[in-house]
1. From the list T190, T136, T150, pick out the single residue that is over 15 Å from the mean Cα position of the chain (by Cα), among the hydroxyl-bearing types (S, T, Y) and more than 15 Å from the ligand (Cβ to nearest atom).
2. Of the residues in the stretch 220-241, how many are under 23 Å from V284 (Cα atoms) and not in a loop (DSSP other than H, G, I, E, B)?
3. Consider G33 carefully, then state whether it is modelled with pLDDT of 95 or more, more than 16 Å from the ligand (Cβ to nearest atom) and more than 22 Å from A181 (Cβ to Cβ).
4. Going by the structure shown, is P84 open to solvent by 40 Å² or more (accessible area, probe 1.4 Å), within 30 Å of A405 (Cα to Cα) and free of Cβ contacts under 8 Å to residues at least 40 places away in the same chain?
5. Show me the strands (runs of 3 or more DSSP E) entirely contained within the stretch 406-513 in which 1 or more residues are open to solvent by less than 70 Å² (accessible area, probe 1.4 Å) and basic (K, R).
6. Please verify whether the stretch 156-164 includes one or more residues that are of a type in the set (S, T, N, Q), within 15 Å of the ligand (Cβ to nearest atom) and open to solvent by 10 Å² or more (accessible area, probe 1.4 Å).
7. Given the residues Y386, Y377, Y345, which is the only one that is at pLDDT 90 or above and among the hydroxyl-bearing types (S, T, Y)?
8. Any residue in the stretch 29-51 that is under 19 Å from F155 (Cα atoms), open to solvent by 40 Å² or more (accessible area, probe 1.4 Å) and not small (G, A, S)?
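The values are calculated or read from the model by the stated rules, or taken from the named source; none is laboratory data. Small disclaimer: the values here were computed from a predicted structure and weren't measured. In this analysis, Cβ positions are derived from the backbone assuming ideal geometry, glycine residues included, and neighbour counts consider all displayed protein chains. Surface areas here come from the heavy atoms of the whole protein model, side chains and all, with no ligands, DNA or RNA. Shrake-Rupley method; radii C 1.70, N 1.55, O 1.52, S 1.80 Å.
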Amino acid sequence: MERRLTSRAGREELRTKGTDVRAVTKVAAIGGGVIGGGWIARFLLNGVDVAVHDPHPQAERIVTEILANAERAYCRLLLAPPAPQGRLSFHAGIAEAVEGAGYVQESVPERLGIKLEVLRAIEDAAPAEALIGSSTSGFRPSELQAGLRTPERVFVAHPFNPVYLLPLVELVGGAATAPAALARAGAFLTTVGMHPLVVRKEIDAHIADRLLEAVWREGLWLIHDDVATTAEVDDAIRFGFGLRWAQMGLFETYRIAGGEAGMRHFIGQFGPALAWPWTKLMDVPELTDDLVEKIASQSDAQSGARPIRELERIRDDNLVGILQALKATGWGAGETLRAMEDRAYARAHAGAGAADPDLTRPLTLHRAQVRGDWVDYNGHMTEFRYLQVFGDATDAFLAFIGMDAAYRAAGGSVYTVETHIRHLRETRAGAKLAVATRILGHDAKRIRLLHALTDEAGTELATAEHMLLHVDAGAGRAAPMRAPLDARVAGIWRAQQGLPRPDHVGRGIRETG
Ligand SMILES: NC(=O)c1ccc[n+]([C@@H]2O[C@H](COP(=O)([O-])OP(=O)(O)OC[C@H]3O[C@@H](n4cnc5c(N)ncnc54)[C@H](O)[C@@H]3O)[C@@H](O)[C@H]2O)c1
C-alpha cells in the first residue's frame with residue numbers, strides 16, 4: 001500500500017513539474033569511472049554542481065584527470081564564453097551525495113545486482129522530485145525498475161564515451177516510467193549540450209550498441225580468422241565509412257550511394273547481397289585465452305606506445321575538429337554544438353546586462369589559448385590565426401549585442417568590409433589570450449570595432465580595427481540594424497565614449513620610401 005501511495009505522489013510531482021528544468025542546479029553522480037567521470041565533466045563544464053559517490057580509493061584522482069582532459073577539450077571546442085564551472089564534491093555515501101539533487105546519474109559497473117542495490121539506495125535518499133537515469137549499456141529499464149518504490153522516475157540515460165564531447169544520450173523508459181520524467185530528463189540534458197534520442201521501445205542494448213555489437217562481432221571474426229589485424233580493421237573504418245557515419249549515419253549515406261535513383265535503387269542493387277553468406281550472422285567467436293591474447297597483443301603493437309590519457313587527448317582533438325566542421329554546416333552533432341554556443345552567448349549576455357558598469361570599458365568577450373598547431377617554424381602564432389582570433393572575437397561581440405539564431409534566420413547579418421591588424425609582440429604556443437573590444441564609431445548600417453589582444457600578463461600583442469557592414473542577407477544589400485542590435489550598439493558606444501582614443505586608429509600602413 002505504502003508503495004503505491006509513494007508512487008502516485010511521485011507521479012503527481014512529475015506531472016506538475018512538467019518539463020521545467022530550472023530546478024536542476026545540482027546533479028548526483030553515483031559511480032565516477034570512465035562514464036561517470038565523463039558525465040561529471042559534462043555537468044560541471046556546463047555550470048551544474050555535481051556531488052559524487054564512488055567507493056574506489058582513487059575515484060577523486062580519476063575524476064580529476066578526466067576533468068582536466070575535458071577542460072582542455074572545451075577550450076578548443078567552444079568559441080563562446082564558458083559557463084562558470086559547477087562545484088564538485090565527493091561523498092562517502094549515496095545518501096549524502098543525492099541530498100538536494102534534482103537529477104541523479106547512476107554509472108556503476110554493468111552488473112544487475114549492483115545496479116539494483118544502488119538504485120534502491122538512491123530512491124530511498126533522493127528528493128521526491130529527483131529524476132534517476134542509469135548509464136547502462138545493456139539492461140532494459142524495466143529490469144532496473146523491478147522492486148523500486150518510485151519506478152516512474154527511473155529510466156535509462158545511455159551516453160557515449162567521451163560523455164563531455166559526444167552529445168548523444170539514448171533515453172529509454174520502462175513499463176513504469178512516467179512520460180513526463182523522460183520529457184524533463186530530455187529537457188535538462190539538452191541544457192548541458194546533449195542530444196536526447198528517445199528510444200520508442202525498450203530492448204536489450206537500446207539502439208546504438210545493437211549496431212556497434214554487429215560491427216564488433218564481425219571485427220572479432222576477422223581477427224580470429226586471420227583476415228585482418230586490429231590495426232587493419234581500424235583502418236578499414238577510419239579511412240572510409242567511419243568518416244561518412246559521423247555526418248550522415250547509415251541510411252542517409254546509403255540514399256546518396258543509390259545515386260539519383262535513391263534508396264529504392266540502392267536496396268534493389270545491394271539488398272540481395274544481404275542473403276549471401278558474407279557474415280557469420282549471430283555466431284560469436286569463443287573468447288578463448290588464445291584469441292584474447294591475439295587481440296590484446298595486436299592492440300599493444302598498434303597503440304601501446306602511447307599512454308591512455310595521451311590517446312584520449314588525441315581522440316578529443318580529432319572529435320573537436322569533426323564537431324567544428326559539422327558546426328559550420330549545422331549538420332548532425334554540429335547543430336547541437338551551435339545550439340550550445342547560442343546558449344552560452346545568451347548566458348554571457350544576460351550576465352553582462354545592459355546596465356553593467358563594465359560597458360564603459362573595453363569588453364572582454366573572447367578568450368583563447370594558442371595551440372601547438374597555430375605556431376609556425378619560428379615558434380610564433382602564424383598570421384592567419386590572428387585573423388581567426390579577431391574574427392572569433394567579432395562573433396562574440398555580435399552575439400553579445402543580440403545577433404542570435406533568430407536574428408540570422410530573419411536575414412540579418414554582418415559582413416566585415418575592412419580590416420587592419422597591427423602585430424606588436426610575438427605570440428607563443430600555449431599563451432592564454434584575451435580580446436578586449438570597443439566601438440570606435442557607428443551609424444545605422446556600420447560598426448567600427450577595435451580589438452586589443454593581450455596575454456595573461458596583460459601585455460598587448462596585437463590590435464585589429466574592423467569596419468562591419470550590416471546587411472539584409474536575403475536581399476543581398478546593406479541595411480540598417482534592427483532591434484535589439486541598434487539599441488545595444490548605441491548603448492555601448494555611449495558608455496565607451498569616455499575612453500581615450502589610441503593614436504594608431506584610422507591609420508593604414510605607412511609609406512616607406
Ligand atoms: N565504458 C563505456 O564505453 C560505456 C559507455 C556507455 C555506458 N556505459 C555504462 O556505464 C556504466 C559504468 O561503466 P564504466 O565503463 O564507467 O565502468 P568503470 O568500471 O570505469 O566505472 C564504474 C565505477 O563504479 C564504481 N562503483 C562500484 N560500485 C559502486 C557503488 N556501489 N556505488 C558507487 N560507485 C560504485 C567503481 O568504483 C567504478 O569507479 C555501465 O553500466 C556501462 O554499461 C559504459
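1. T150
2. Adding up the residues that qualify gives 13.
3. The answer is no for G33.
4. Yes.
5. Per the criteria, 412-423, 432-442, 446-454.
6. Looking for residues that are of a type in the set (S, T, N, Q), within 15 Å of the ligand (Cβ to nearest atom) and open to solvent by 10 Å² or more (accessible area, probe 1.4 Å), one finds at least one in the stretch 156-164, hence yes.
7. It is Y386.
8. Yes, some residue in the stretch 29-51 is under 19 Å from F155 (Cα atoms), open to solvent by 40 Å² or more (accessible area, probe 1.4 Å) and not small (G, A, S).
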